[in-house]
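Let me begin by presenting the structure, written as structure tokens, before commenting on it.
The values are calculated or read from the model by the stated rules, or taken from the named source; none is laboratory data. Since the structure is predicted, the reported quantities are computational estimates derived from the model, not experimental observations. Cβ coordinates were reconstructed from backbone atoms using ideal geometry, including for glycine residues, and neighbour counts include every protein chain displayed. Accessible surface areas use protein heavy atoms only, side chains included; no ligands, DNA or RNA. Shrake-Rupley method; radii C 1.70, N 1.55, O 1.52, S 1.80 Å.
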Amino acid sequence: MTNLRKAIAALSAVAAATATLLAIPPTASATPAPHKTLARENFDRLPLGPVTAGRGWTTDTSNGTLTVAPSSTGKGRELRIRTEGNGRAFVVFPDLSAPGNSYWARLRLRVDAFPTAPDWAHWTIAEASGADSPTLVRPLGGQYAPTDNGNFWGVGSDLGPTGDWTSWKTSAPAVAGSWQCVEFHLDARDNRVTVYMDGVEQSDLTVSTKNHGGTADDFTFPTFDELKLGWQLYQADPTPSSYEMRVDDIALSTGRVGGCGD
């Protein structure tokens, strides 16, 4: 009888343990997959002066220059971008491949002045592309709207089935002369572009497959393999005649990097 009691007690203990395990949600002990850093640059390790390449990136310029300069905030270094007229100057991240064709970007930037002429002057700060499609996705950019007397942020695209468009919104004014921490998320599940300013989602700027600023066709991503960050203005003889911006703390990752709400 003693051995029988011991056996029953042991079976009861096993049953109780099994019930406890079944009560735990199957994902409760799962560790989330870590974010993968695709690229990072704060310019602190680069020598002062003109720059044409860095760790994992190169440059693309026309009537423009990129220079590593002392930080205007008094700590470290930053990138100074300057263009003349409708020139361009970009940091280029080539061979950029992200799981699921989706990734996050974060950068700090300050634009000294936005165009006030000609009407509808259009500018780009970020452009993502892929060799398998002519579509250029512009998650950061904007336009001077004379009807509303200002420059406004907007997501845009060009050369794809939806045509050339910038979906700017008056709810997102572009303010010159001040630092901003800007993030964007390229999500291929719905060809969705989401923008954040200083940690706050700018929902008015979101575009997706069916909701965008172009033709009635679907907006679809290329298979991304390159990202440009910098400045380009497309119209000739703009006012002002030259443009300068500062960039720092670039990070590209498979998950949201954060750091903009500090």
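For Phe184, indicate whether it is open to solvent by less than 10 Å² (accessible area, probe 1.4 Å), among the aromatic types (Phe, Trp, Tyr) and modelled with pLDDT of 95 or more. Reasoning before the result, please.
Details: open to solvent by less than 10 Å² (accessible area, probe 1.4 Å): yes; among the aromatic types (Phe, Trp, Tyr): yes; modelled with pLDDT of 95 or more: yes.
Spelling it out, Phe184 is indeed open to solvent by less than 10 Å² (accessible area, probe 1.4 Å), among the aromatic types (Phe, Trp, Tyr) and modelled with pLDDT of 95 or more.
Assess whether Trp120 counts as being over 18 Å from Phe219 (Cα atoms) and touching a His at 6+ places or on another chain (Cβ under 9 Å).
no
Which numbered condition in (1) touching a helix residue (DSSP H, G or I) at 6+ places or on another chain (Cβ under 9 Å); (2) among the β-branched types (Val, Ile, Thr); (3) closer than 16 Å to Gln143 by Cα is the only one that Val175 fails?
(1)
Return the residue satisfying two criteria in turn: it lies in the range 89-138 and is closer than 17 Å to Arg40 by Cα and among the polar types (S, T, N, Q), and of such residues it is modelled with the highest pLDDT.
Ranking the qualifying residues of the range 89-138, first place goes to Ser102.
Residues that are within 25 Å of Val193 (Cα to Cα) and without any contact (Cβ under 8 Å) to a residue 60 or more places away in the chain: find the strands (runs of 3 or more DSSP E) completely inside the range 49-155 holding 2 or more of those.
Once the strands (runs of 3 or more DSSP E) in the range 49-155 are filtered for at least 2 residues that are within 25 Å of Val193 (Cα to Cα) and without any contact (Cβ under 8 Å) to a residue 60 or more places away in the chain, what remains is 57-70, 133-145.
Inside the range 156-171, can you point out the residues that are among the hydrophobic types (A, V, I, L, M, F, W, C) and surrounded by fewer than 17 Cβ atoms within 10 Å (Cβ to Cβ)? Show your work before the answer.
Kept after step one, since they are among the hydrophobic types (A, V, I, L, M, F, W, C), are these residues of the range 156-171: 159, 165, 168.
Answer for the range 156-171, where residues must be among the hydrophobic types (A, V, I, L, M, F, W, C) and surrounded by fewer than 17 Cβ atoms within 10 Å (Cβ to Cβ): just Leu159.
Of everything in the range 187-196 that's buried (at least 19 other Cβ atoms within 10 Å of the Cβ) and in contact (Cβ under 8 Å) with a residue 24 or more places away in the chain, which residue is farthest from Pro222 (Cα to Cα)?
Step by step, filter the range 187-196, then rank; the result is Tyr196.
Would the range 197-213 turn up any residue that is touching a strand residue (DSSP E or B) at 6+ places or on another chain (Cβ under 6 Å), of a type outside the set (D, E, K, R), open to solvent by 30 Å² or more (accessible area, probe 1.4 Å) and under 21 Å from Gln143 (Cβ atoms)?
yes
Within the range 162-188, count every residue that is out of contact with any Ser or Thr (no Cβ under 7 Å at 6 or more places or on another chain) and more than 21 Å from Ala113 (Cα to Cα).
So in the range 162-188, the residues out of contact with any Ser or Thr (no Cβ under 7 Å at 6 or more places or on another chain) come out as 164, 166-183.
From the residues that got through so far, the ones that are more than 21 Å from Ala113 (Cα to Cα) too are 164.
Number of matching residues: 1.
Yes or no: Asp44 of a type in the set (D, E, K, R), more than 28 Å from Pro173 (Cα to Cα) and out of contact with any strand residue (DSSP E or B) (no Cβ under 7 Å at 6 or more places or on another chain)?
Spelling it out, it is not the case that Asp44 is of a type in the set (D, E, K, R), more than 28 Å from Pro173 (Cα to Cα) and out of contact with any strand residue (DSSP E or B) (no Cβ under 7 Å at 6 or more places or on another chain).
Do the conditions hold for Thr135, that is, is it of a type in the set (Ser, Thr, Tyr), touching a strand residue (DSSP E or B) at 6+ places or on another chain (Cβ under 7 Å) and closer than 30 Å to Ser72 by Cα?
no
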